[in-house]
Amino acid sequence: MSIRVLIADDQAIIRTGLRIMLGAQPDIEIVGEAVDGRAAVRLARELRPDVCLFDIRMPELDGLEATRQLAGPGTVDPMVVVVITTFDLDEYVYGALRAGARGFLLKDAGPELLVQAVRAARDGEALIAPSVTVRLLRAFADVPTGRPAAQPIDPLTAREEDVLLAVARGLANAEIADTLYISLSTVKTHLASLMGKLGARNRVELAMWAYETRRIVPGEHCS
């Protein structure tokens with residue numbers, strides 16, 4: 001089945017470009033477009049797309065608040081949002097992921113990375129623009145949350161710790177399997193266990209917990 005995508009951006013030329021790049025893929029269908037954040041939230045709730053692709057700077061309601069309303073903490077039946085922006089700013093990356101976004105891309109990422117991000121988001125994975133990944137680690141490590149990191153329901157196993165660190169470094173499931181010499185199904189089993197123990201909804205929240213608990217510290221780099 002096609003991946004149903006909703007695009008929200010206040011610039012017509014950007015919406016057109018995204019529609020052309022994504023619409024060229026046989027497994028992606030553009031089901032709607034919005035010119036502002038308020039319309040994006042309304043259309044998302046009406047159309048229930050598989051992936052919402054939101055700009056950050058939009059009139060009426062910005063992309064962060066639109067994301068928060070559709071995918072933020074406490075949201076019932078959260079939707080999948082990928083944030084795409086011109087602005088390579090740390091606070092935008094951090095804010096987008098805190099708001100519940102499953103991915104963060106820059107508009108100059110190119111069609112290959114854009115398509116990869118949409119497919120990854122649909123599959124429950126997260127893709128962060130490579131150009132901001134290293135700074136993202138520092139942002140998560142340095143920005144205070146105002147609360148202690150949640151403790152797992154049950155202690156993590158040694159292998160779960162390995163998988164958690166791999167996720168936090170930005171590795172996809174297949175890369176984790178290759179790195180740890182385990183099967184893809186075993187990776188998915190560990191991810192499901194980690195999400196259950198940590199109360200995380202997706203791998204982005206797993207990565208955030210790894211940063212908050214200093215399992216990754218400033219100065220370390222992603223693979």
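Checking the conditions here, which among Glu60, Glu65 is outside any loop (DSSP other than H, G, I, E, B), surrounded by fewer than 23 Cβ atoms within 10 Å (Cβ to Cβ), touching a Gly at 6+ places or on another chain (Cβ under 8 Å) and at pLDDT below 95? Going through Glu60, Glu65 in turn, the sole match is Glu65. Search region 171-192 for residues being of a type in the set (Gly, Ala, Ser) and crowded, with 17+ Cβ neighbours inside 10 Å, and hand back the single one that is farthest from Glu125 (Cα to Cα). The selected residue is Ala177.
From the list Val31, Val76, Val51, the one residue that fits, being more than 23 Å from Glu205 (Cβ to Cβ) and either modelled with pLDDT of 95 or more or not small (Gly, Ala, Ser) (or both), is Val31.
For the criterion of being farther than 24 Å from Ala200 by Cα, touching a helix residue (DSSP H, G or I) at 6+ places or on another chain (Cβ under 7 Å) and modelled with pLDDT of 90 or more, Ala40 passes. Among the residues that make up region 116-137, is at least one of them over 26 Å from Ile20 (Cβ atoms), crowded, with 24+ Cβ neighbours inside 10 Å and modelled with pLDDT of 80 or more? No, the conditions are met nowhere in region 116-137. Contact map, region 7-18: residues that are within 23 Å of Asp50 (Cβ to Cβ) paired with residues that are open to solvent by less than 10 Å² (accessible area, probe 1.4 Å) and in a loop (DSSP other than H, G, I, E, B), Cβ distance under 6 Å, separation 6+ or inter-chain. Pairs shown: Arg15/Asp9.
The values are calculated or read from the model by the stated rules, or taken from the named source; none is laboratory data. Note that the structure is predicted; figures quoted are calculated from it, not measured. Using ideal geometry, Cβ is built from the backbone for each residue, glycine included, and neighbour counts are taken over all protein chains shown. Accessible surface is based on the protein model in full, side chains and every heavy atom, while ligands, DNA and RNA are left aside. Shrake-Rupley method; radii C 1.70, N 1.55, O 1.52, S 1.80 Å.
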